[in-house]
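Notes follow the structure.
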Amino acid sequence: MSGPTPTERAEASAVRRRWITLAELLAIAGVLIAALTLWSNWSERSAEKAERANASASERQAARRFEIRAVAAENGDSLLLLRDDKHEIQNATVAFPSALQVGRKEALTDQIQRSWFEKPLLKATDGGADEQEGRLPVLITVSYTDGDAVRTARGIHDIIWETKPGGFLAGRSLKLQGLRARQRGGDQTKLDAIWAREKPKS
């Protein structure tokens with residue numbers, strides 16, 4: 001029985017080479033897939049770590065922040081600055097629009113007193129109806145404790161007020177209703193610009 005012819009041997013050899021080449025390609029593809037999988041896993045873990053770090057930093061920043069808030073006394077003669085469980089108010093100052101000619105006040109008892117600005121505000125709103133409602137922008141700066149550190153919060157807030165007739169020959173009376181945040185930060189120039197733009201028309 002005769003063996004394969006030279007042509008058959010050449011064809012068989014070519015087939016073997018093709019299989020070897022295919023096997024090499026499959027091996028390379030397997031290596032590439034494994035590398036891509038490793039890179040994808042590493043990338044996901046890195047993204048998760050960065051996300052956790054950002055969330056933790058945001059939580060720490062939020063914990064350090066003090067929100068300036070206040071509630072009105074029942075008779076409307078003052079606003080009481082509120083404390084929270086994590087921060088103790090050390091001192092607070094309140095600045096008023098320069099046009100009212102009211103000096104900067106220290107809220108030594110954590111209270112914003114109506115008497116500080118009642119006359120200038122009534123004068124600025126005189127000539128209109130006895131019953132009015134409005135907002136007085138003020139710049140509040142609070143020093144507070146954050147653990148062992150002392151930090152500062154500053155912002156422009158609106159004191160919400162209303163006026164009522166004061167009775168026979170008594171003129172009008174002013175009552176404070178609350179405090180509303182307008183913006184973080186700010187300075188006297190910004191405060192004066194807001195008042196000039198939004199002050200009640202007398």
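Among the conditions (1) modelled with pLDDT under 95; (2) small (Gly, Ala, Ser); (3) closer than 19 Å to ARG182 by Cβ, ALA95 misses just one, which is (1).
Kindly indicate which of GLY171, GLY147 is surrounded by fewer than 16 Cβ atoms within 10 Å (Cβ to Cβ), free of Cβ contacts under 8 Å to residues at least 12 places away in the same chain and not charged (D, E, K, R).
On the way: GLY171 fails: free of Cβ contacts under 8 Å to residues at least 12 places away in the same chain.
Of GLY171, GLY147, the one residue that is surrounded by fewer than 16 Cβ atoms within 10 Å (Cβ to Cβ), free of Cβ contacts under 8 Å to residues at least 12 places away in the same chain and not charged (D, E, K, R) is GLY147.
Summed over the stretch 94-109, residues that are of a type in the set (A, V, I, L, M), in a loop (DSSP other than H, G, I, E, B) and crowded, with 20+ Cβ neighbours inside 10 Å total 1.
Okay, residues lined up against (1) within 20 Å of ASN75 (Cβ to Cβ); (2) in contact with a His (Cβ under 6 Å, 6 or more places away or on another chain):
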{"position": "PHE117", "(1), (2)": "yes, no"}
{"position": "PRO137", "(1), (2)": "no, no"}
{"position": "ILE140", "(1), (2)": "no, yes"}
{"position": "ARG151", "(1), (2)": "no, no"}
{"position": "TRP161", "(1), (2)": "yes, no"}
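The values are calculated or read from the model by the stated rules, or taken from the named source; none is laboratory data. Note that the structure is predicted; figures quoted are calculated from it, not measured. As a convention, Cβ positions derive from the backbone with ideal geometry for all residues, glycine included, and neighbour counts pool all protein chains shown.
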